[in-house]
Structure formats: structure tokens, C-alpha cells
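Remarks on the structure that follows.
No lab work stands behind these numbers, since they all come straight from the coordinates. None of these values were measured; they are calculated from a predicted model. Here Cβ is always computed from backbone atoms with ideal geometry, including for glycine, and neighbour counts include all displayed protein chains.
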Amino acid sequence: MFYFTLYKKYRKYTNKVCSFFLSKELKINALYIEYPFRFIRPELMQFGSNVDIGADARIECFGKQNGGPKLILGNRVHLGRRIHIGAANKVIIGNDVLTGSDVFITDHSHGETTYEAMQLPPTQRPLFSKGIVVIEDNVWLGDKVCVLPHVRIGHNSIIGAGAVVTHDIPPYSVACGCPAQVIKSLQEKE
């Protein structure tokens, strides 16, 4: 029991130190990230304030910076453990977004689905993006949700655990399944 308590204190200290230095490097106000994590090309990322990222995060940006950051996280975003975000075009995550664990968000794939592209091994196909991903404010993504390219998830929506989002989800919706289907939609009150 003593070693477990010591380990927990060590992890908490490590997380605070990593968060402090990463916040300074990326010029982020109040970032908390659990160690270990992997960032590829953090200079292509823009973080809001009070961002919380769980352990084993994998956040990657690819390509050139033309047109500003490729990944934009809003304020008060809480990303669960083992999140994987890949941005070759652009991924925008709004304010007050919450994700569960093992969530995958991408705006690209390894190559197009043409005959010529399929002749190459997947590792040699150039990255291809069908469009940007936008997750609007106040969205909750359950555990193991997969958000694919060229998708907009409307504000105040809930995406159920294990859903694969392949098309736009309107605001104030509850969606689940593979592919994700809206099972409940609320009307906005004016």
C-alpha cells in the first residue's frame, strides 16, 4: 500500500511539472495534461484556457501551416484518456467539450479511394482530407467515439459510446450507432 501511495504522488507531481512546462512552451493558460502523452507538431496547435487532457493522449498535426493552426481547442475542453486526434487539414473543437476515453477524431485518411491510389501500399499513400472536422460548443462524446473527416457536430449534442460519426449531426441531438444516427432531437428555445 505504501508503494501505491508513493506512486500516486509521483504521478501527480510529474503531471503538474509536465503541464507547467508545456503550458509555458505553447503559451496556454491553465493546461493540465497527464503523462505520458505524444504531441506531433505542437506549433500547429492552438489551445484555449483551462484545457484538461487525460493520460496517453496522441495529438498529431501534419503538413504545412498554410492558413493558421490545424488544431484548435476552445476553452474548458476536457479530453479523456487515450484520445487520438489527427489533423492534416483542420480540426476545430469548441468550448466546454467533454470526451470519454479512447476517442478518435480525424480529418484525413491514408490516400484516396481511387484505383491508382489503391495500387500503392497504405504507408506510401499521401494523406488525403475530405474536409475539416468541427465539434461545436457543449458537445459530449462518449467512450470510443470515432469522428471521421468532413463532419460537423452541432452544439449541445451528445454522441453515444462507440458511435462512428460519418455525417453532420444537427444541434441539440442525441446520436448513436455505427454509422451514427440521430435518435433524439430537441428544438432550440428562443
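Under the criterion of Cα pairs below 8 Å and six or more residues apart, the relative contact order for segment 85-190 equals 22 percent. Among GLU34, GLU112, a tally of other beta-carbon atoms within 10 Å of each Cβ gives an order, fewest to most, of GLU112, GLU34. Modelled label positions at LEU98 and HIS84, each set 7 Å beyond Cα in the direction of Cβ, lie 2.5 nm from each other.
Ordering GLN46, PRO126, LEU31 by the projection of their Cα atoms onto the charge dipole of the chain, which places +1 on the Cβ of Lys and Arg and -1 on the Cβ of Asp and Glu, puts LEU31 at the extreme positive end. Most simply put, the chain has about 15% antiparallel DSSP beta bridges, counting only bridges with both residues inside it. Full extension of the segment from ALA117 to PHE20, taken as 0.36 nm per residue of separation minus the current Cα-Cα distance, would add 30.6 nm.
Taking every C-alpha pair closer than 8 Å and separated by at least 6 residues, the mean separation divided by the residue count of the chain gives a relative contact order of 12 percent. Structural descriptor for segment 78-143: relative contact order 43 percent, calculated from alpha carbon pairs under 8 angstrom and at least 6 residues apart.
Using a simple spin-label model with pseudo-atoms 7 Å out from Cα toward Cβ, ILE132 and TYR35 lie 3.5 nm apart. About the centre of its Cα atoms, segment 45-178 shows a dipole size close to 220 debye [charges on the beta carbon of Lys, Arg (+1) and Asp, Glu (-1) only; nearest 20 debye]. Determine the shape class of segment 42-99: with a ≥ b ≥ c the square roots of the Cα gyration tensor eigenvalues, call it rounded for a/c under 1.5, and otherwise prolate if a/b is greater than b/c, oblate otherwise. Because a/c hits 1.5 or more and a/b fails to exceed b/c, segment 42-99 counts as oblate. When the square roots of the Cα gyration tensor eigenvalues are ordered a ≥ b ≥ c, the ratio a/c for segment 79-179 is 1.5 or more and a/b exceeds b/c, which makes its shape prolate. 3J(HN,Hα) along segment 33-47: 10, 8, 7, x, 8, 9, 10, 10, 6, x, 5, 9, 10, 10, 10 Hz, from the Karplus curve 6.51 cos²θ - 1.76 cosθ + 1.60 with θ = phi - 60°, whole Hz, x for Gly and Pro.
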